[in-house]
Structure formats: C-alpha cells, structure tokens
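Okay, structure first, notes after.
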C-alpha cells in the first residue's frame, strides 16, 4: 500500500540520489500518447520515455506478453539456451539488418555500446597495425552521446558528460560531425573503429549527411576499420526505417560491422542488443570474436525481455509504424514551417525524432528572465509541460519531440497548438 504522508518531491529529495535534473511531474498511468499524473492532470507525452515507449503506454500487445510470458519463464541463466533469445537474434539479423551476423543481449544502450567498444579493442588485437602493435584508437564525434559508464563516457563527444570523472579510458578521438575533411585528417595508423549515431539525439537532433556516412564507410573498408552504428535512439523505426542510417537515403550499400540498440527495442522494458557482422577476421569471423568468457550480462536476453522485444518488432512491422513515422515526420516539419513558430530558427530531424532549434535572441531574452544558470531549452520544456505537452531538451538550445510511433495526426496538431501558445506567451 502506498504511503502518502509526504509528497513525491519530498520522497525524491530524501531518498533518491540527485543524478537527474528532474521536472516536478509525477506520472501515474498512461495510454498511447496520453499520460496522467497522480493528481489526474493530463499530458500529451511527446517524450515517450526519451524515445523508449515506441508503442506508447499500455499497448495491448505488450500487456499480453506481460500477462503470459512470466507464467512460463521470466529469467534463466545465459548458461542455457532459451528459444526466445535465439528467435529474437534471428529476427534482428534477418528482418532488421538483413545481413549475416549474430547478436548479444544486454540491459541498456550504455551496455550495448560498451560491447561495441570491447569488440573494437579485441579486433585491434586480432588485426594490428603494420608495425605489429595493437590498434586501439576509436573515433567518435563531437555532440555524440553513447552512455554514462566510464567507457561510454570516453566515447561521448560532450565535455559536460565527461567532466569530473577523469582520467577516462584512453584512445578515443572526437572529431567534428559531418565534416569529411576533418574525419580524413583525424585518421591514424592506430585507428581501429568509428562509432557514430546516424542521427545525434542528445547532440541536438543532427542528421548525418549521406556524403559523410559514405565517406566514413569507404575509409573503414579501405583501412580495415570497424564501422559501428549507435542506433539506441534513432533505430527501431523512429526515423522512418527500422534502421536509422537507412532513413537518411543514398546509404543502401552501407552495412556496418556492429550495431547497438536499446530504448525503443523494449518499448519500456529494459533490453539492449548488439549485432555483429559475419565477416572474416583471421581464420574466424568478427561475429565470433567475443568468445566464451569475454563478455556477458546476467539479465541480458531474458525470456521476458526477448518476448517483449520480439512483439515490439512484429508490431512495428505489421502496422508499418516506421513508414507512418516517416510520413508524420514530414508533416511535422512542414507544419512547423507553415506556422512560423516564434523563437524557433530551424526544425530538423527524421521521422519522429524532431529538433526545434531556439534562436539566439530568444535564448538571450530567456536567460535574462529565467536566470543565467538555466538553459533556454529547459525554460521552454518546463513551460510546455505546464500546458500539458511533455518534450525533451537537447543541450541548451534545442527542444525535442520524440512521440510514440503510434501517435496520431490529431495529437500532433494538438501539440502544435500548445507549442504555438506557449512560445507566443514566452516572447511577450
């Protein structure tokens, strides 16, 4: 039974570590893109758990799995071989990536990216530099976000994420995103892998250009480096294709050597996954490079997690939610242009991963009114929540829309009405 002798905010102040800058919103229940707090206030949820709730709240297909799978098996050791894990790996390989390979399962995107980092390190040992020394240098990009473990932080190209935890794992190089010349100049004999997001989420919803992705892929082939895609936020249909990089266009010939997933794969239940490409490495294959004892996750790929992820993919594919995301994404960008929203200088993104760029004058005005220590994006996100629209900041100057893939056109129109109202109010 719940104890209401103190408020929710007091509970967090007293008993929960302050690792998040939390908004004073206390969710109670949800349905689709709708969310209600414990006092009954309604919100239109365009944060979706930060791109996690791909099927929205309380989707019937997920409720059925939660009701049925635990009656058989929720968890068992990865020393055994439950069928569901193999079936999910097959689905990711044959249906999502559509290229030969194998999968490993973890519990989060951070863990999945740690697995990619370990793969790159092992590959650098197996395929050393010309002088015989292991290659250890992993290239990632400014503005990127790959997680908050020590390895994933080292890969992340944002000082605010890395600061205060040094020295972190070495041999990471952070280069400008979408800059082909800078990328080529940054390559060395020690370079072993490239880790990138086709669409940077925390970096402000910045989309890689086809030319940039093509140049990176070509260099990886020529120099026998691994091409690793972080699809944690931009994958699983969010950008208009099952694979975020394929939504960009002109990328049909690109097949990475490794992919990380999480967030929308579990639609609210913790699961992370990695796909390793089946390609020759010495006398073996890349997908077998992390052999027994080299990597693991106690809860990774549990029967319950795999049953849920399998239903998520089946639902996205059967209901063509990725195609719907592409259509609605175009509608959002066109509608934003038509409305000429105040304080917004640009709108960018793919599918249902949209960034609203705040203009510099608006940022300065809000800094004067809200205090120099508060980012303009937080001011806007706070004001939108007050009016019933939940969004997500991306840095100091971008507001993200990440609605569930089941969002409707009517709900998008309602979100625009709220945003129009709030932004006009903020500039007065």
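Some notes on this structure:
- Within the stretch 83-105, the residues that satisfy the criterion of being in a helix (DSSP H, G or I) and either touching a residue at least 40 places away in the same chain (Cβ under 8 Å) or under 21 Å from the mean Cα position of the chain (by Cα) (or both) are 84, 85, 87, 88, 89, 91, 92, 93, 95, 96, 97.
- The listed residue being under 23 Å from residue 423 (Cα atoms) and modelled with pLDDT of 95 or more, out of 333, 274, 255, 316: 333
- Residue within the stretch 335-357 that is touching a helix residue (DSSP H, G or I) at 6+ places or on another chain (Cβ under 6 Å) and within 22 Å of residue 275 (Cβ to Cβ) present: yes
- Enumeration of residues in the stretch 143-171 that are surrounded by 16 or more Cβ atoms within 10 Å (Cβ to Cβ) and either outside the structural domain of residue 202 (by TED's automatic domain parsing) or outside any loop (DSSP other than H, G, I, E, B) (or both): 151, 152, 153, 154, 155, 157, 161, 162
- Counting only residues that are crowded, with 22+ Cβ neighbours inside 10 Å and in contact (Cβ under 8 Å) with a residue 60 or more places away in the chain, the stretch 246-256 holds 2 of them.
- Flag for residue 33 being touching a helix residue (DSSP H, G or I) at 6+ places or on another chain (Cβ under 6 Å), closer than 30 Å to residue 409 by Cα and either surrounded by fewer than 23 Cβ atoms within 10 Å (Cβ to Cβ) or modelled with pLDDT under 95 (or both): no
- Matching residues in the stretch 270-287 - criterion: being within 26 Å of the chain's Cα centre (by Cα), outside any loop (DSSP other than H, G, I, E, B) and more than 25 Å from residue 66 (Cα to Cα): 275, 276, 277, 286, 287
- Test result for residue 125, closer than 20 Å to residue 277 by Cα, at pLDDT 95 or above and buried (at least 23 other Cβ atoms within 10 Å of the Cβ): no
- Scan the stretch 106-142 for residues that are part of a strand (DSSP E or B) and farther than 18 Å from residue 292 by Cβ and the total you get is 6.
- Test for residue 110: is it in the same structural domain as residue 233 (by TED's automatic domain parsing), touching a strand residue (DSSP E or B) at 6+ places or on another chain (Cβ under 6 Å) and in contact (Cβ under 8 Å) with a residue 12 or more places away in the chain: no
- Residue within the stretch 324-331 that is within 25 Å of residue 42 (Cβ to Cβ), over 20 Å from the mean Cα position of the chain (by Cα) and surrounded by fewer than 19 Cβ atoms within 10 Å (Cβ to Cβ) present: yes
- Residue match in the stretch 69-82 (condition: surrounded by 14 or more Cβ atoms within 10 Å (Cβ to Cβ) and within 22 Å of the chain's Cα centre (by Cα)): no
- Matching option when the condition is within 30 Å of residue 296 (Cβ to Cβ) and in the same structural domain as residue 324 (by TED's automatic domain parsing), among 51, 89: 51
- Test: residue in the stretch 194-212 that is surrounded by fewer than 23 Cβ atoms within 10 Å (Cβ to Cβ), closer than 25 Å to residue 375 by Cβ, assigned by TED's automatic domain parsing to the domain that holds residue 123 and touching a helix residue (DSSP H, G or I) at 6+ places or on another chain (Cβ under 7 Å): no
- Considering the stretch 213-228, the residues that are in contact with a helix residue (DSSP H, G or I) (Cβ under 6 Å, 6 or more places away or on another chain) and not in a helix (DSSP H, G or I) include one that is nearest to residue 109 (Cα to Cα), namely 228.
The values are calculated or read from the model by the stated rules, or taken from the named source; none is laboratory data. What you see is a predicted model; the values in this text were computed from it and never measured. FYI the Cβ positions are ideal-geometry reconstructions off the backbone, even for glycines, and counts take in every protein chain you see.
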